[in-house]
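Chemist: Got a structure for you, written out below as structure tokens; questions coming shortly.
The values are calculated or read from the model by the stated rules, or taken from the named source; none is laboratory data. Worth saying up front: this structure is predicted, and the values here are computed from it rather than measured. So basically every Cβ, Gly included, is an ideal-geometry build from the backbone, and we count neighbours across all protein chains shown. What goes into the accessible areas is simple: the full protein's heavy atoms, side chains included, and nothing from ligands, DNA or RNA. Shrake-Rupley method; radii C 1.70, N 1.55, O 1.52, S 1.80 Å.
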Amino acid sequence: MKFLGIGIAVMVSMMVLTPMLLARIASRRRPRLGRVGGAVTLRMPRGHWAVLGTLAAVPCAAFSALAFLTEWRPGAESSGLVLGTLMGLLGIAGAGTLYLFEIRGRLVLDDVGLTRIGPLGQVRAAWGDVRKVTFNPVNNWFFLTLASGHRVYVTEGLEGIADFAELALAHLPRPVLEASPEAAEELRDLEKTYR
């Protein structure tokens, strides 16, 4: 019963603190960064992915600990080992990916093209390799479909989003922009809003 009370207190704390922390982090976002060495580096505001990583790690760690600490009926002891290990590995994989996004995740833009750097790899493309730009008005993000088939997602929550809009309008192929008038309009709005 004691563990249940602690678990409920932790869950309620996370449900209250997580949105507050994410809102505080988002309030520090800088829509314009300017170029450094000819390139702009867009990323989520510092701490964003770390909060989400912790949100993934804590429940998995709690379930894992519970599985290891629970007294299983005779003959089923291995269930605790399997469940605890599985939840631990799930937490490590999920939270680890989000922590790697915090450390590595970014989008580097210059006059030649873009480089999306993810947790374990990167994709480089010239602006001319972009075949389609789409804007999702519900979630406020763009995605660029590349000739290679890769998609590069650009959320409005990124620091430097106005720099992205400016560079995309200047360098995306005209037919791509003309084929997506809603995306082009949103890019123009972002550029004007944060001028």
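Chemist: Being surrounded by fewer than 16 Cβ atoms within 10 Å (Cβ to Cβ), assigned to a loop (DSSP other than H, G, I, E, B) and under 20 Å from the mean Cα position of the chain (by Cα), is that true of even one residue in the stretch 63-83?
Modeler: No, the stretch 63-83 contains no residue that is surrounded by fewer than 16 Cβ atoms within 10 Å (Cβ to Cβ), assigned to a loop (DSSP other than H, G, I, E, B) and under 20 Å from the mean Cα position of the chain (by Cα).
Chemist: Just checking, which of Arg46, Arg32, Arg24 is open to solvent by 60 Å² or more (accessible area, probe 1.4 Å), in contact with a helix residue (DSSP H, G or I) (Cβ under 8 Å, 6 or more places away or on another chain) and without any contact (Cβ under 8 Å) to a residue 60 or more places away in the chain?
Modeler: None of the others qualify; the one that does is Arg46.
Chemist: List the residue pairs whose Cβ atoms are under 6 Å apart, where the first residue sits in the stretch 91-110 and is touching a residue at least 60 places away in the same chain (Cβ under 8 Å), the second is open to solvent by less than 30 Å² (accessible area, probe 1.4 Å) and hydroxyl-bearing (Ser, Thr, Tyr), and the two are 6 or more positions apart or on different chains.
Modeler: These pairs meet every condition: Val108/Thr115.
Chemist: Looking at (1) assigned to a loop (DSSP other than H, G, I, E, B); (2) open to solvent by less than 60 Å² (accessible area, probe 1.4 Å); (3) closer than 23 Å to Ala95 by Cβ, which is the only condition Val51 fails?
Modeler: That leaves (1) as the condition not met.
Chemist: Then there's this: Within the stretch 84-97, which residues are of a type in the set (Gly, Ala, Ser) and open to solvent by 40 Å² or more (accessible area, probe 1.4 Å)?
Modeler: Matches in the stretch 84-97: Ala93 only.
Chemist: Something else now. Take Leu42 and decide whether it is within 18 Å of Phe164 (Cα to Cα) and at pLDDT 95 or above.
Modeler: yes
Chemist: Something else: Filter the stretch 1-59 down to residues that are more than 30 Å from Gly113 (Cα to Cα) and over 20 Å from the mean Cα position of the chain (by Cα), then give me how many there are.
Modeler: The qualifying residues number 14.
Chemist: Quick one: would you say Phe135 is in contact with a Lys or Arg (Cβ under 7 Å, 6 or more places away or on another chain) and either open to solvent by less than 30 Å² (accessible area, probe 1.4 Å) or at pLDDT below 95 (or both)?
Modeler: Numbers: in contact with a Lys or Arg (Cβ under 7 Å, 6 or more places away or on another chain): no; either open to solvent by less than 30 Å² (accessible area, probe 1.4 Å) or at pLDDT below 95 (or both): yes.
For Phe135, the condition - in contact with a Lys or Arg (Cβ under 7 Å, 6 or more places away or on another chain) and either open to solvent by less than 30 Å² (accessible area, probe 1.4 Å) or at pLDDT below 95 (or both) - is not met.
Chemist: Can you say whether Glu182 is over 29 Å from Ile92 (Cβ atoms) and either among the aromatic types (Phe, Trp, Tyr) or surrounded by 15 or more Cβ atoms within 10 Å (Cβ to Cβ) (or both), as far as the supplied structure shows?
Modeler: So Glu182 fails the test.
Chemist: Exactly one condition in (1) at negative phi; (2) open to solvent by 20 Å² or more (accessible area, probe 1.4 Å) is false for Gly105; which is it?
Modeler: Of everything listed in (1) at negative phi; (2) open to solvent by 20 Å² or more (accessible area, probe 1.4 Å), Gly105 misses just condition (2).
Chemist: Given the criteria touching a strand residue (DSSP E or B) at 6+ places or on another chain (Cβ under 6 Å) and surrounded by fewer than 16 Cβ atoms within 10 Å (Cβ to Cβ), does Tyr194 qualify?
Modeler: No: the conditions fail for Tyr194.
Chemist: Just checking, does the stretch 92-112 include any residue being assigned to a strand (DSSP E or B), small (Gly, Ala, Ser) and in contact with a Lys or Arg (Cβ under 7 Å, 6 or more places away or on another chain)?
Modeler: Within the stretch 92-112 (the criterion being assigned to a strand (DSSP E or B), small (Gly, Ala, Ser) and in contact with a Lys or Arg (Cβ under 7 Å, 6 or more places away or on another chain)), the answer is no, since none of the residues qualifies.
Chemist: What is the residue count in the stretch 142-185 for residues that are part of a helix (DSSP H, G or I), acidic (Asp, Glu) and in contact (Cβ under 8 Å) with a residue 12 or more places away in the chain?
Modeler: 3
Chemist: Turning to a different aspect of this structure: In the stretch 124-141, which residues are in a strand (DSSP E or B) and small (Gly, Ala, Ser)?
Modeler: Hits for the stretch 124-141 are Ala125, Ala126.
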